[in-house]
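Only one structure is covered here, and it is reproduced in the block below.
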Amino acid sequence: MHVLEQMVKQLIDTSGNKQVSAGNGIVDDGTTQYNINTFVNQTNVDNRQSTINVFVAPFGCENRAYISDAFLTQCLKDKGRGIVELAKAVHFHNNHPENQNIRASKSDALKHKGVSIYERGSWRLSDRDTVLRKVFDNNYDMLDYHMGNNEDKLREQFGSALFNKIEAWFDNMRNYDINSEEYKKCLRDLTWMVINETSRFCPTRAAKKLSI
């Protein structure tokens with residue numbers, strides 16, 4: 001169950017007699033519907049109004065404090081796939097709804113080449129490739145910083161041969177050619193990751209073209 005859905009369900013359940021049904025992002029307590037895809041959710045508990053405020057960070061300003069060094073090390077080892085997995089952990093972590101600031105339906109991402117990002121207090125439909133290049137750059141930079149700050153430890157852990165191979169890949173991608181197959185594959189993988197995770201968190205939005 002999505003973390004926001006759990007929070008709303010817990011509040012409603014404390015009211016006693018109300019029945020809770022959850023589906024397609026909606027929680028229904030019998031008298032009022034609460035949309036868990038919004039960022040302020042309200043319910044009445046024992047005639048008192050309770051509010052769940054979930055702050056959503058603007059795109060590019062995500063909370064990354066929970067990302068562990070061990071996870072970063074594994075992402076380094078996986079190179080391009082690791083960048084995608086890091087982006088997934090940042091933007092679609094079950095316990096960090098504050099970072100869920102990017103989403104896309106299959107139609108928008110593939111047919112219309114757009115994704116929606118949360119910035120300046122609202123959702124905005126933006127150019128897919130421009131946004132995903134920023135996602136790539138932000139997560140590349142985090143991994144590159146981790147590698148530079150832990151070079152001796154990582155060289156010992158991976159062995160010199162593997163470390164040199166990883167380092168060479170990141171050096172090559174630092175000045176990437178947007179038409180290179182390696183880079184285009186990363187963008188394709190990021191696109192499908194966003195589509196699939198949007199479907200997991202916001203199934204009603206993923207099923208049709210977003211109108212935001």
A careful count of residues in the range 88-137 that are in contact with a strand residue (DSSP E or B) (Cβ under 6 Å, 6 or more places away or on another chain), part of a helix (DSSP H, G or I) and surrounded by fewer than 20 Cβ atoms within 10 Å (Cβ to Cβ) gives 0
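Only one of these is among the aliphatic types (A, V, I, L, M), more than 19 Å from Ala87 (Cα to Cα) and in a helix (DSSP H, G or I): Leu190, Leu154, Leu143. Name it. Step through it out loud before you land on a result.
Numbers: Leu190 fails: more than 19 Å from Ala87 (Cα to Cα); Leu143 fails: more than 19 Å from Ala87 (Cα to Cα).
On inspection, the qualifying residue turns out to be Leu154.
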Of (1) touching a residue at least 40 places away in the same chain (Cβ under 8 Å); (2) over 17 Å from Ala70 (Cα atoms), Met142 satisfies every one except (2)
Regarding the range 159-179, can at least one residue be identified that is polar (S, T, N, Q) and either under 20 Å from the mean Cα position of the chain (by Cα) or assigned to a loop (DSSP other than H, G, I, E, B) (or both)? yes
- Flag for Glu85 being without any contact (Cβ under 8 Å) to a residue 24 or more places away in the chain, closer than 22 Å to Gly60 by Cα and assigned to a helix (DSSP H, G or I): yes
Within the range 144-168, residues being crowded, with 16+ Cβ neighbours inside 10 Å and either among the aromatic types (Phe, Trp, Tyr) or touching a His at 6+ places or on another chain (Cβ under 7 Å) (or both) number 2
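Each value in this text was obtained by applying a stated rule to the coordinates, not by laboratory testing. As the structure is a prediction and not an experimental result, all values here were calculated from the model. For neighbour counting, all protein chains shown are included, and Cβ atoms are generated from backbone atoms with ideal geometry for every residue, glycine included.
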